[in-house]
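First comes the structure, then the notes that go with it.
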Amino acid sequence: MKKSGFLTTVMLSALMLGNAYAGQDTTDDAAIVTYDQAYFEKFAPVTLLDMMQRIPGVQEIIDKNREQRQQAARGGGGAENQGGRGFGSGGDQILINGKRLAGKNNNIDDTLSRVSAGQVEKIELIRGAASGLDVQSQGLVINVVMQEGASSSTTFWKLTGNYYEGTSAFPPELLLSHSGSSGDLQYMVSAEVKNTRSFFTRSEEHFNAADLQTGDKFIDNRVITQTLTLNSNLSYDFGNGSELRLNGLYQPGLNNRLEDQNETGTQPLHTLWDTDSDTSKWEIGGDYSRNLGSLGRFKGLFVINNDTEDQAVLRDRNIGEAGEFRYAEESTKLDKSEKIFRGLVTKKITESQNLEVGGEAAINNFNKDFEDNRRSIATDPLTLNAGDNVKIKENRYEIFANHTYDISPVLVLQSSLTTEFSKIVAVSSSAAAPRDTSFTYIKPRVNLRYDVSGNDQLRLTVEKKVSQLDFNNFVTKFDQRTDQLVFGNTNIRPEQIWEFSAAFEHRFANDAGSVEAEVFYRDYTDHITIVDFTDYVNLSGQPITADEFFALPAADISAIRGSLNFTSKSGNIDGATSRGLKLKGNFRLGFFGLPQAVFSASYSYENGKELDQFTKEIVHFARISTHTFTFNFRHDITEWDFSYGFDGKSRSTFNVWERNYTWPWKLGFGYSIFAEKNILNGIKIRAEMKNEDNGTGLSTLTYYYDQRRFNDVLERTEKNHMRPKQFILSIQGTF
């Protein structure tokens, strides 16, 4: 069947489904669709996550929420992501009782699988701008309404085993969660033991500048990660609209990574890298809300947390030979903490207008030490090759006002103005002087929602975003992927973005699915990328720019080149832009006789462009694929208490570069297949196979002498990255 014919058939499937699968309720506000307990009864869900996965389009929100949080956790957040520090007005698009969870490490993603389905009253899908939400909508907000009143108690358990193809590992994992309520008190405590593994192999072919093969290398990498997570949530309703919620988390862990590299050819070498890390996280958070009568409603939130990591890396060469010796030792110590306090008052100023005003303070401390000791031969002592010690304190404050105006039953205008004040004090052993910098940013946002009909909605958004700095970019570190040092820069400025977007959504009647299209344009100021920090000079030793240096006669360049210390760091540039398109659809396949099957697909196109600071050519953003396609299928056979499905993700080639290399990647195709069955009342067994795309596929790493603008190739390496399939078997239940 042709592609257009297939899409037409799927559209007809959604349109003709009619009352065959009606189950959701539409409120007086056409932008809110409600799924109550009656809708989920036929699925016999065990957890809140089970319930949400039965709603068309929600799985994408869950996945996006998780990806944004993981990306923020790797650094300091970003202008386009959920922030890594502070709360802000954006964030999780999944709320419980209209509120976000007051936590960072203790987050909503983990909570979904710990809440019993029996505790949920209903789930609301809120499309577009709406008043009274704890976050600004990014298109679709999910609000979970919990049951109140009668006392209850439920214990959820889950036992998981993981097997990786070609290995003997089958590490078990266990989750226990007990939740309940007694009158106005609700509580949940949980303990989870995770025992994850990660395996990947890489085969390499090495070529010299003349394109002659000089050798091969095979890399075998194995990672063991073990964590214990103790988690608690407590809420108490004082009546009269006053409620207190508290949560806590403690998570110690360890990580061991062993990488064996065996190179043959003109320069044979067998090395072993052994990395051990001890980690610890703790967090306390909470929020309190109460009615203030004619003044409106007050809400206060706080989070206090701390993360530590102690990492040691041992590097040995000539493995298994008489000359085996340790050529390098590295150590990295990290200690970071955050204190967040946020308060706001919401007031309905007229029947059609709602105003929210408030402020937030976030105090962050980031301390990181890095030390790299090396030697060339076994008889030499290990001496300091590179080191850095960075201490950072960031105080961020913001005041904000959010105004929602229901112009008519079908037209809602939401506008906000946030002013951010921040001060960063950074002291680095590798910097000439301490940094003491203050920033002030004004961040407006306007979002217009127009309900063209009960099923059609148009959303227009204009927003100024400001990133949070990734403090890891302040510190020198060793990049194991490229076997070279990456120097820190304490003078990076936050990235600013003006974003313009327009989205149109059509929702099919009777829960038959939806289709959506969005276009966007982003204009960047102080875009963060890799920047040339080389101190160029002419023959007289006078400082000149890079462009002036490369404009010198070839003889002058040749005479000067050997004396230069070519250096690159993360830094800021202007002139970057990005534009793109997002398409997505969710379809219930009643036309094919499968009213309980849902197929979802999405496609995104992003064309981000910046000026390469080394070659002075316009290039695409690093690490971002121009094309991304995802799909998801789930079929619930309720009469058998059985479900199965699959999902997949494919991305086009993206590039990574530095001063002295380019590294284009074509990731492999990632997919997973699952089947699950309720074998007894409240007990479910699930089998799943995963083939991750992350870190797999083909790549070409090309090194250049000194700087890529010379175009002097040193060597080229063709890499084939592979991961074994993962098989997961789990059984879970409640009592």
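Read-outs throughout are calculated quantities, based only on the coordinates presented, and are distinct from any laboratory measurement. This one's a predicted model, so the numbers in the text were calculated from it and none came from an experiment. So basically every Cβ, Gly included, is an ideal-geometry build from the backbone, and we count neighbours across all protein chains shown.
Where nothing but the Cβ of Lys and Arg (+1) and of Asp and Glu (-1) is charged, how large is the charge dipole of the chain around its Cα centre, in debye to the nearest 20?
900
From zero up to wherever the largest Cα-Cα distance of the stretch 459-613 sits, split into 5 Å bins and tell me the percent of pairs in each.
Per 5 Å bin, starting at zero, the Cα-Cα P(r) for the stretch 459-613 comes out as 2, 7, 11, 11, 11, 12, 11, 9, 7, 6, 5, 3, 2, 2, 1, 0, 0 percent.
Can you give the helix-only mean residue ellipticity at 222 nm for the chain, where every DSSP H stretch with n ≥ 4 adds -39500 (n - 2.57) and the sum goes over all residues, rounded to the nearest 500 deg cm²/dmol?
Per the formula, -2000 deg cm²/dmol.
Straight-line reach from residue 616: which lysines have a Cα under 23 Å away, not including same-chain ones fewer than 8 places off?
Qualifying lysines at Cα under 23 Å: 569.
Setting aside same-chain residues fewer than 8 positions from residue 64, which aspartates and glutamates have a Cα under 13 Å from its Cα?
80, 92, 109
Could you give the size of the charge dipole of the stretch 367-476 about its Cα centre, using +1 on the Cβ of each K and R and -1 on the Cβ of each D and E, expressed in debye and rounded to the nearest 20?
That gives a dipole near 180 debye.
Pick out, from 565, 553, 589, the residue whose Cα sits farthest towards the positive end of the charge dipole of the stretch 529-620, with +1 on the Cβ of Lys and Arg and -1 on the Cβ of Asp and Glu.
589
Long-range amide H contacts for residue 475: which residues qualify at under 5 Å (H placed 1.01 Å from N, peptide plane, sequence gap of 5 or more or a different chain)?
The answer is 489.
If each residue of separation counts as 0.36 nm, what is the full-extension length gain between residue 556 and residue 174 once their alpha-carbon separation is subtracted?
Contour length minus Cα-Cα distance gives 130.9 nm.
With a cut-off of at most 12 other beta carbons within 10 Å, and DSSP calling the residue loop, which GluC sites (Glu not before Pro) in the stretch 239-282 qualify? Please list them.
Listed in order of number, the matching sites amount to none.
Hey, if you put +1 on the Cβ of every Lys and Arg and -1 on every Asp and Glu Cβ in the chain, which of 663, 126, 701 ends up farthest toward the positive end of that dipole?
With unit charges placed on the Cβ atoms, the residue in question is 126.
Which value results when the Cα radius of gyration for the stretch 602-671 is divided by 2.2 N^0.38 Å?
Against the compact-globule rule of thumb, the ratio is 1.67.
Calculate one ³J(HN,Hα) per residue across the stretch 542-551 by plugging θ = phi - 60° into the Karplus curve 6.51 cos²θ - 1.76 cosθ + 1.60, and present them in order as whole Hz with x for glycine and proline.
7, x, 9, 7, 4, 4, 5, 5, 6, 8
Of 281/336; 217/477; 99/299; 194/336; 465/584, which pairs sit farther than 18 Å apart, going by alpha carbon to alpha carbon?
Pairs exceeding the cut-off: 217/477; 194/336; 465/584.
Please give the direction-averaged projected area of the C-alpha convex hull for the chain, in square nanometres with one decimal.
If you wrap the Cα atoms of the chain in a convex hull and average its projections, you get 34.4 nm².
Can you work out ³J(HN,Hα) from phi for every residue in the stretch 302-314, in order, using Karplus 6.51 cos²θ - 1.76 cosθ + 1.60 and θ = phi - 60°, giving whole Hz and x for Gly and Pro?
3J(HN,Hα) across the stretch 302-314, in whole Hz: 8, 9, 10, 9, 8, 10, 10, 8, 10, 10, 10, 10, 10.
Going Cα to Cα from residue 719, which aspartates and glutamates come in below 12 Å? Please leave out same-chain ones fewer than 8 positions away.
Within reach: 204, 205, 216.
Once amide H atoms are built 1.01 Å from N in the peptide plane, which residues 5 or more positions from residue 120, or in another chain, come under 5 Å H to H?
Those qualifying (amide H under 5 Å, at least 5 residues apart or on another chain) are 147.
Check which residues have an amide H placed less than 5 Å from residue 693's amide H, if you skip close sequence neighbours.
Residues meeting the amide H criterion: 670, 671.
Taking the Cα centre of each part, how many Å lie between the stretch 251-298 and the stretch 190-217?
The stretch 251-298 and the stretch 190-217 have Cα centres separated by 21 Å.
Ranked from highest to lowest mean number of other Cβ atoms within 10 Å per residue, what is the order of the peptides 600-613, 427-440, 675-688?
Listed from highest to lowest mean packing, they are 600-613, 675-688, 427-440.
So how do 653-659, 32-38 stack up, highest first, on mean other-Cβ count within 10 Å?
653-659, 32-38
Return the FRET efficiency for the residue pair residue 617, residue 479: r is the Cβ-Cβ distance, R0 is 25 Å, and the value is rounded to the nearest 0.05.
0.60
Dipole size in debye (nearest 20) for the stretch 592-735 around its Cα centre, Lys and Arg Cβ +1, Asp and Glu Cβ -1?
140
Which whole-Hz couplings ³J(HN,Hα) result when phi for each residue of the stretch 636-645 is put into the Karplus expression 6.51 cos²θ - 1.76 cosθ + 1.60, θ = phi - 60°, listed in order with x for Gly and Pro?
Going residue by residue, I get 9, 9, 5, 5, 9, 6, 10, 9, 8, x Hz, with x marking Gly and Pro.
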